[in-house]
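Below is one structure, written out as structure tokens; comments come after it.
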Amino acid sequence: MKKSFLLLLILTLSYSSCRKSDYVLSDQHTLITDKGSGTGTTTWTADKNYLLNGKVYVNDGQTLTIEPGTVIRAKTGQGEKASALIVARGGKIIANGTAQKPIIFTVEGDDLQGSVPIESNGLWGGVIILGNAPVNSDKSENHIEGINPAKNERVIYGGSDPNDNSGILRYVSIRHGGTLLSPGNEINGLTLGGVGRGTTLEYIEVISNRDDGFEFFGGTVNARYLVSAYNGDDAFDFDLGYNGNLQFLVGIQGPKAEEDVNDPALLLELSDREGSPKTRPLIANGTFIGKGATANKAMLRFDKSASGQIINSIFMDSSYGLQVEYTGKPNDSYQLFTNKHLQFTNNIFHQVANNSSLQVFSIFTTTNHDISDEDALLKAHFSEGQNSILDPGLSTKIPYQLQPTTSDFGPLAPLPDNPHFQNASYKGALPPLHDSPDHNWLQGWTLLSTHLNP
């Protein structure tokens, strides 16, 4: 989370102070509040409109099922009045939408027809899922950021079960979140703390969140078909020992992304701390679009001791490319690069770092060490990893065209022998336009699709 963020315009709506029970039915909405008992094991149905009033938990042992086509709105508010849905460790959410009937989380007053401008952010909290999978923490567990942990066991995450199952999120759109909890402290669109690989995450959009789109705090969960657009901070953020496999990711920076010189918003941020497990995701088939040649810094940054692999992806429109930190410690990100734990292979770059293969990769440091030799070694990895400067034919201005118009992608990195990965004979998150003109998996269910070519 960023420590400096201007407070944007917030919708001003009245709040109900009457909480006679956990579930209060109004004329138009089923009002959902929580005084400690959580949601219970229950189903939210598509024939009702739900309104979150404050922080609502799915407690340990409870299962919240949400039918396809259900719309969950949330009251605005900051600090203790912030509204969010939090799946506690040991709880489950089954939000199994479809392309025709997505499940939508948004702010009160959103008629889904444009009453809330697409880039409005910070209007409510977000969705938080906590699990029992390993995290890099002194006590093997942690309190999730963004929520006051005082006397609240429901915000603890982490454990020893990499196969932990927190449920299903499929065809879910999370819109206009990231409300201010305290200065510099906002909720991510989808926060995942210690979530295990037994959880299913597919076809999820986070759009116009004030803070990060997706943030993974440790855990082992795999995911695919993720969309992060117009968010104020990082599109995807990985920390505290996240180990998982991700495929088909779309990240688009919007005009409200932070431009702090010391800590700018990134499309991908990977960081870690001393200890284990280490942050080491494998990301395949991503399409990442920055703010332009003069508007932002790096697109991707590996901090401290984070590592991982990025393969068969497309990066476009940024003044800088990919940065790796040198700290001089034995397991810093640069040393992990030399040990081949950090690799960028068979990726495409266009309008990134002046289209110079010698500038796309770079080392950064806060030490006094002369990093020229390390920088040269990292830059050599551009060609060694069969990365290329190539125009894939995307349109990166509204209306976006995110399906490439060329099939000349160069060689593909082989996908790992892992059932999570789907066969893809192309680079980027979507197939070439002429090969699969009707296979734009973003269309219809995402809010972003209103800014795409039909």
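Of the residues making up the stretch 306-348, those that are touching a helix residue (DSSP H, G or I) at 6+ places or on another chain (Cβ under 6 Å) and polar (S, T, N, Q) number 1. Residues of the stretch 252-274 that are closer than 21 Å to L342 by Cα and in contact with a Leu (Cβ under 9 Å, 6 or more places away or on another chain): L266, L267, L268, E269, L270, S271, D272, R273. Here K304 meets the list (1) in contact (Cβ under 8 Å) with a residue 60 or more places away in the chain; (2) open to solvent by 30 Å² or more (accessible area, probe 1.4 Å) almost entirely, failing just condition (1). For the stretch 235-253, enumerate the residues that are crowded, with 24+ Cβ neighbours inside 10 Å, at pLDDT 95 or above and in a loop (DSSP other than H, G, I, E, B). Matches in the stretch 235-253: A235, L240, G241, Y242, G244. When A293 is tested against the conditions (1) modelled with pLDDT under 95; (2) buried (at least 21 other Cβ atoms within 10 Å of the Cβ), the lone failure is (2). For the stretch 310-329, the criterion of a residue being open to solvent by less than 10 Å² (accessible area, probe 1.4 Å) and in contact with an Asp or Glu (Cβ under 7 Å, 6 or more places away or on another chain) is satisfied by no position. Pairs linking a residue in the stretch 353-366 that is assigned to a helix (DSSP H, G or I) to a residue that is of a type in the set (A, V, I, L, M), with Cβ atoms under 7 Å and 6 or more positions apart or on different chains, are A353/V360; N355/I389. Is there a residue in the stretch 338-356 that is charged (D, E, K, R) and either open to solvent by less than 50 Å² (accessible area, probe 1.4 Å) or within 22 Å of A293 (Cα to Cα) (or both)? The answer is no, given that none of the residues of the stretch 338-356 is charged (D, E, K, R) and either open to solvent by less than 50 Å² (accessible area, probe 1.4 Å) or within 22 Å of A293 (Cα to Cα) (or both). Annotation: A95 fulfils all but one of (1) at pLDDT 95 or above; (2) surrounded by fewer than 24 Cβ atoms within 10 Å (Cβ to Cβ); the unmet one is (2). Checking each residue of the stretch 196-216 against the condition of being among the polar types (S, T, N, Q), at pLDDT below 95 and within 18 Å of the chain's Cα centre (by Cα) gives no match.
Among the residues making up the stretch 32-42, none is surrounded by fewer than 20 Cβ atoms within 10 Å (Cβ to Cβ) and either touching a residue at least 60 places away in the same chain (Cβ under 8 Å) or under 26 Å from the mean Cα position of the chain (by Cα) (or both). Look at the stretch 103-115 and say how many of its residues are farther than 25 Å from I144 by Cβ and open to solvent by 20 Å² or more (accessible area, probe 1.4 Å). Number of matching residues: 6.
Yes or no, residue by residue, for (1) small (G, A, S); (2) in contact with an Asp or Glu (Cβ under 9 Å, 6 or more places away or on another chain):
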{"residue": "Y230", "(1), (2)": "no, yes"}
{"residue": "D233", "(1), (2)": "no, yes"}
{"residue": "F236", "(1), (2)": "no, yes"}
{"residue": "G244", "(1), (2)": "yes, no"}
{"residue": "Q253", "(1), (2)": "no, yes"}
{"residue": "P264", "(1), (2)": "no, yes"}
{"residue": "L267", "(1), (2)": "no, yes"}
{"residue": "S271", "(1), (2)": "yes, yes"}
{"residue": "E274", "(1), (2)": "no, no"}
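Filtering the stretch 43-68 to residues that are open to solvent by less than 30 Å² (accessible area, probe 1.4 Å), over 19 Å from L123 (Cβ atoms) and under 24 Å from the mean Cα position of the chain (by Cα) leaves Y57, V58, N59, L64, I66. Please verify whether the stretch 420-436 includes one or more residues that are assigned to a strand (DSSP E or B), modelled with pLDDT of 95 or more, open to solvent by less than 40 Å² (accessible area, probe 1.4 Å) and touching a Gly at 6+ places or on another chain (Cβ under 7 Å). The answer is no; no qualifying residue exists. Sub-9 Å Cβ pairs linking a first residue in the stretch 134-146 that is in a loop (DSSP other than H, G, I, E, B) to a second residue that is open to solvent by 40 Å² or more (accessible area, probe 1.4 Å) and among the acidic types (D, E), at least 6 apart or interchain, are P134/D161; V135/E141; N136/E274, ordered by first then second residue.
Total residues in the stretch 86-126 satisfying the condition of being within 26 Å of W441 (Cβ to Cβ) and either in a strand (DSSP E or B) or more than 17 Å from the chain's Cα centre (by Cα) (or both): the figure is 26. On inspection, K256 qualifies as more than 26 Å from V221 (Cβ to Cβ), surrounded by fewer than 24 Cβ atoms within 10 Å (Cβ to Cβ) and within 17 Å of the chain's Cα centre (by Cα).
When S362 is tested against the conditions (1) at pLDDT 95 or above; (2) closer than 19 Å to S425 by Cβ, the lone failure is (2). How many residues does the stretch 184-234 contain that are buried (at least 24 other Cβ atoms within 10 Å of the Cβ), acidic (D, E) and part of a strand (DSSP E or B)? Summing the residues that are buried (at least 24 other Cβ atoms within 10 Å of the Cβ), acidic (D, E) and part of a strand (DSSP E or B) in the stretch 184-234 gives 3.
For Q309, the conditions (1) in contact with a Ser or Thr (Cβ under 6 Å, 6 or more places away or on another chain); (2) modelled with pLDDT of 95 or more are fulfilled apart from (1).
Of all residues in the stretch 132-175, those that are touching a strand residue (DSSP E or B) at 6+ places or on another chain (Cβ under 7 Å), surrounded by fewer than 21 Cβ atoms within 10 Å (Cβ to Cβ) and among the charged types (D, E, K, R) total 2.
The values are calculated or read from the model by the stated rules, or taken from the named source; none is laboratory data. Being a predicted model, the structure only gives us computed values, none of them experimental. So basically every Cβ, Gly included, is an ideal-geometry build from the backbone, and we count neighbours across all protein chains shown. The accessibility values were calculated without ligands, DNA or RNA, using every heavy atom of the protein model including side chains. Shrake-Rupley method; radii C 1.70, N 1.55, O 1.52, S 1.80 Å.
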